[in-house]
1. Take the alpha-carbon centre of region B:41-63, take the same for region B:142-207, and report the distance between them in whole Å.
2. Can you compute the radius of gyration and Dmax for region A:14-132, using only the Cα atoms, both in Å?
3. Taking each residue in B:78-86, count the Cβ atoms of any other chain within 10 Å of its Cβ, then average. What number comes out?
4. Rounded to two decimal places and with Rh computed the Kirkwood way over Cα pairs, what is Rg over Rh for region A:138-181?
5. How crowded by other chains is B:181-188, given as the mean number of beta carbons from other chains within 10 Å of each beta carbon?
6. For region B:1-43, which chymotrypsin sites (Phe, Trp or Tyr not before Pro) pass both filters: DSSP loop (anything but H, G, I, E, B) and at most 11 other C-beta atoms within 10 Å?
7. When the Debye formula is applied to the Cα atoms of region A:87-150, each taken as the same point scatterer, what base-10 log of I(q)/I(0) results at q = 0.17, 0.19, 0.21, 0.25 Å⁻¹?
8. Between A and B, buried accessible area summed over both sides at probe 1.4 Å, in Å² to the nearest 100?
Amino acid sequence: MIEFTLWDILRNLLFAARWTVLLSIAAFIGGTIVGLGVLFARISERKWVWKAAHWYIEVFQGTPLLLQLFLIFFGLPQFGLRIEPWTAAVLGLTLYASAYLGEIWRSGVEALPQGQWDAGTSLGLKRWQELRLVILPQAFRITTGPTVGFLVQLIKSTALASILGFEELVRTADALNNATFQPFRVYGLVAIIYFVMCFPLTRYALWLEKRQAKY
Amino acid sequence: MNGAFDFGWLATGSRALLEGAGMTVMLTVTSTILGMIISVFGAAARRGHIRWLQALVGVYVEAIRNTPFIVQLFFIYFGLPSLGVNLNPVWAGIIAMTLNVGAYATEIVAAGLGAIGDGQREAAQALGLKPRVVFFKVILPQAMAVIFPALASQVVMTMLDSAVISQISVRELTMHANLIQSQTFRPFETFAIVAAIYLLLAIAVRRLLGFCARRYVGPGLS
């Protein structure tokens, strides 16, 4: 058996943590793009569009993320689509994030008084222009706190990619645990690494929300 | 294995899925009850005047909120035995879920307590009620009415998180889904059906809690 010092374990974990960071960033970017689509669908004036968006959100917020990932990773090959763990994880986390981000931003849009829309109309703006120039900038501003808060949830959610075989923090921890038989130390360190990544963001989200509440 | 959808396995698999759903519900109910108890005392401590207790609860809440559920679960199930604490998988799952609901609900309840003005406490004290009575009979019920929707969605989220407990071989819904798909080679149909079961459970839990809220906490809540 190879001897692993504490430093060996930590070094390997920190090395794997970059995949956690990359996966989080990819999912956040993907989630933002798709989430904007969800937001637009949700505030659409066509009934069937927002109904569809409503069910999209219901499905992604009402089922376990793990099953969503399983459906993509194990389910798609059934139709002849081979998919890598990384692609499956990014795709799954993107869809999952889009449902939450879409809802968060919609709450921002709905928090704005009707007068903001009316003002846009009275200036002769089209609906799309109203959205882009008047509504969305304000809606995003008042929801930065919850958006950052969700980013923490997303970072934690990337841990599930380990189950698909993607070599991020938790997967590496499993391997180290099998090699060292020191689960207390290994998973303890993993918890600390996640904490160090998430805690500053949690604090920042809280600060943003407090600042927002003042207005 | 390609081709049209095949739900033939449902005839034999439905019993296993029902059992799995039962385990998922059991894990959720147990951890919700235990977590609520933690949260009421946790929130009271957080807003109380005992400094070290306040700090202790703070560390607990932040530790849980800033680490993934799967890491907490593995730490409890694989890590604790090295301290001489051996747990069976079901108990490890219940503990992990309880600690989770407890931490999030502590934050929610504490926020609810903060939303109830000092006037309520002062009025109750002026009537000569003991601090314990003031907390449980005057402040807490009002706080609960404010935060009920947030608590309900936390319970649903924790139930969905419980899918991860399949990874330590607890025979809940996702574990059964995995077993079925490995036998039938129909992963898409199996996971889709099981996702639908979770969705129905989530809607049912939300409805049930909403009903309880209207019945026991106060009218006008959903």
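1. Spelled out, the Cα-based centre of one part sits 30 Å from the other.
2. 17.7, 56
3. Mean partner shielding for this stretch: 3.
4. Looking at region A:138-181, the ratio lands at 1.29.
5. 3
6. B:Phe5
7. For the requested q values the scattering log ratios are -0.65, -0.74, -0.82, -0.98.
8. 3300
The values are calculated or read from the model by the stated rules, or taken from the named source; none is laboratory data. Note that the coordinates shown come from a computational prediction; the quantities given were computed from them, not determined experimentally. Every residue, glycine among them, receives a Cβ derived from its backbone with ideal geometry; neighbour counts consider all protein chains shown. Areas reflect the complete protein model, heavy atoms only, side chains present, ligands, DNA and RNA absent. Shrake-Rupley method; radii C 1.70, N 1.55, O 1.52, S 1.80 Å.
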